[in-house]
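Here's the structure we're looking at; comments come further down.
The values are calculated or read from the model by the stated rules, or taken from the named source; none is laboratory data. Because the structure is a prediction, the values reported are computed rather than measured. Virtual Cβ from ideal backbone geometry, glycine too; neighbours counted across all protein chains shown. When the accessible area is computed, the model is the full protein with side chains, heavy atoms only, and any ligands, DNA or RNA have been set aside. Shrake-Rupley method; radii C 1.70, N 1.55, O 1.52, S 1.80 Å.
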Amino acid sequence: MTQKAIVCSIFLAVFIGHVTAQRNPCQGMAEGVFVNDFTSCEGYYLCQSEQATPAQCPPGFYFNEAQQLCDFPQNVFCHVCNQQTGVQLFPHPTFCEQFITCSNGISFVGACNQGELFDAELQACKNEARVDCSRMRCPAIDNPNVVVFIPGIQSCDEYFLCQGGTPIQRFCAPGLHWNRITERCDFPESANCP
């Protein structure tokens, strides 16, 4: 993807995110429809008379707005943005040719053109020969005896749990950081977050 295309995508994301963040999530929605709560993968709102009533999926499930139900995490794209304002770009946790855009707290996946990879340092898609990308990938089939974790991409408390070939975003409890060596949440001084 050229830098001009990325700039246009970011501008559009900021505009859409700005409009979305300023309005009630149920404004203009049909009666009885469920809509995403972009601050939590498990959260959603029930829209009644254009009023948003917050709700949560049971533990272990994410809200799937397209299907209007709580679903297995591997069936739902959900990435919680740490910053609720502005635009941030992050490398996709497992696919070098993709990136995640956070725009005013709403995330979506972008893809580079064929033959290009996302350069996290430059925050742009570049020719694959010019990008050093060696991300871990989730195994396509889960092994119940081996839990696979991938370190976070946007903050020290973030990590990913592989489930059904999909990286599922998780966060450590407040005050703890993900320790890449021991693969667990730990005290910041022990985790040595880069």
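Among the residues of the stretch 156-165, write down those that are open to solvent by 30 Å² or more (accessible area, probe 1.4 Å), part of a loop (DSSP other than H, G, I, E, B) and not hydrophobic (A, V, I, L, M, F, W, C). Don't jump to the end; show me each part of the working.
If we filter the stretch 156-165 for residues that are open to solvent by 30 Å² or more (accessible area, probe 1.4 Å), which is where we start, we get 156-157, 159, 161, 163-164.
Going one step further and asking which of them are part of a loop (DSSP other than H, G, I, E, B), we end up with 156-157, 164.
ASP157, GLY164 - these are the residues of the stretch 156-165 that are open to solvent by 30 Å² or more (accessible area, probe 1.4 Å), part of a loop (DSSP other than H, G, I, E, B) and not hydrophobic (A, V, I, L, M, F, W, C).
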*When only residues in the stretch 166-181 that are touching a residue at least 60 places away in the same chain (Cβ under 8 Å) and touching a Pro at 6+ places or on another chain (Cβ under 6 Å) count, which is most open to solvent (accessible area, probe 1.4 Å)?*
PRO167
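Only strands (runs of 3 or more DSSP E) wholly contained in the stretch 56-108 count here; list those with 1 or more residues that are more than 13 Å from the chain's Cα centre (by Cα). Please lay out each step first, then the result.
Details: elements: 62-64, 69-71, 87-91, 98-103.
Ranges flagged: 62-64, 69-71, 87-91.
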*Where a residue in the stretch 27-41 is under 17 Å from GLN56 (Cβ atoms) and its partner, wherever it lies, is open to solvent by 40 Å² or more (accessible area, probe 1.4 Å) and assigned to a loop (DSSP other than H, G, I, E, B), with Cβ under 6 Å and at least six apart*: PHE34/GLN68; VAL35/PRO25; ASN36/GLU65
*What single numbered condition from (1) in contact with a Ser or Thr (Cβ under 7 Å, 6 or more places away or on another chain); (2) within 15 Å of GLN169 (Cβ to Cβ) fails to hold for GLN88?*
(1)
*Go through PHE108, PHE118, PHE90 for me and flag whichever is of a type in the set (Phe, Trp, Tyr), touching a helix residue (DSSP H, G or I) at 6+ places or on another chain (Cβ under 9 Å) and more than 15 Å from THR166 (Cα to Cα).*
PHE108
*Could you please tell me which pairs satisfy a Cβ distance under 7 Å, a separation of 6+ or placement on different chains, a first residue in the stretch 141-153 that is of a type outside the set (D, E, K, R), and a second residue that is surrounded by fewer than 17 Cβ atoms within 10 Å (Cβ to Cβ) and outside any loop (DSSP other than H, G, I, E, B)?*
PHE149/LEU161
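Go over the candidates ILE153, ILE141, ILE168, ILE181 one by one and state the one that is outside any loop (DSSP other than H, G, I, E, B) and of a type in the set (A, V, I, L, M, F, W, C).
Details: ILE153 fails: outside any loop (DSSP other than H, G, I, E, B); ILE141 fails: outside any loop (DSSP other than H, G, I, E, B); ILE181 fails: outside any loop (DSSP other than H, G, I, E, B).
Answer to the selection: ILE168.
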